[in-house]
1. Give me the angle, in degrees from 0 to 90, between the Cα long axis of helix 16-28 and the longest principal axis of the Cα atoms of the chain, rounded to the nearest 10.
2. Sorted from largest down, give the three principal axis spans of the alpha carbons of the chain, whole angstrom values.
3. Would you please give the FRET efficiency between residue 63 and residue 94, computed as 1/(1 + (r/R0)^6) with r the Cβ-Cβ distance and R0 = 30 Å, to the nearest 0.05?
4. Can you give me the angle between helix 63-73 and the longest principal axis of the chain, using Cα atoms only, in degrees from 0 to 90, rounded to the nearest 10?
5. With r as the distance between the Cβ atoms of residue 41 and residue 20 and R0 = 22 Å, compute the FRET efficiency 1/(1 + (r/R0)^6) and round to 0.05.
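Each reported figure results from applying straightforward, stated rules to the coordinates on display, with no laboratory input. Every value quoted in this text rests on a predicted model; they were computed, and no experiment measured them. Note that each Cβ is placed from the backbone with ideal geometry, even for glycine, and that neighbours are counted across all protein chains shown.
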């Protein structure tokens, strides 16, 4: 199968039941795969804003502190997490 052969590092298991499940999941939810890309962009945007603000305050940016704060916020949309962490509301004001 194509994605078993072309997925790097052997990360796609060759178990047929898993393969069928994966294919059906992406076919039933067309936006499923692209949501990973969108989420990555939103997270990186939040990270950059948070780091920029820390540096403007003269603080050293520490990735651990960013993720500690983000994880403490819990499971809310990243735009709300960005607002809580940075005070920037441009993504939620729309």
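1. The angle comes out at about 60 degrees.
2. Cα extents, longest axis first: 53, 31, 20 Å.
3. Working: r = 29 Å, r/R0 = 0.95.
The computed FRET efficiency comes out at 0.55.
4. Roughly 80 degrees between the two axes.
5. On the way: r = 30 Å, r/R0 = 1.37.
Approximately 0.15, to the nearest 0.05.
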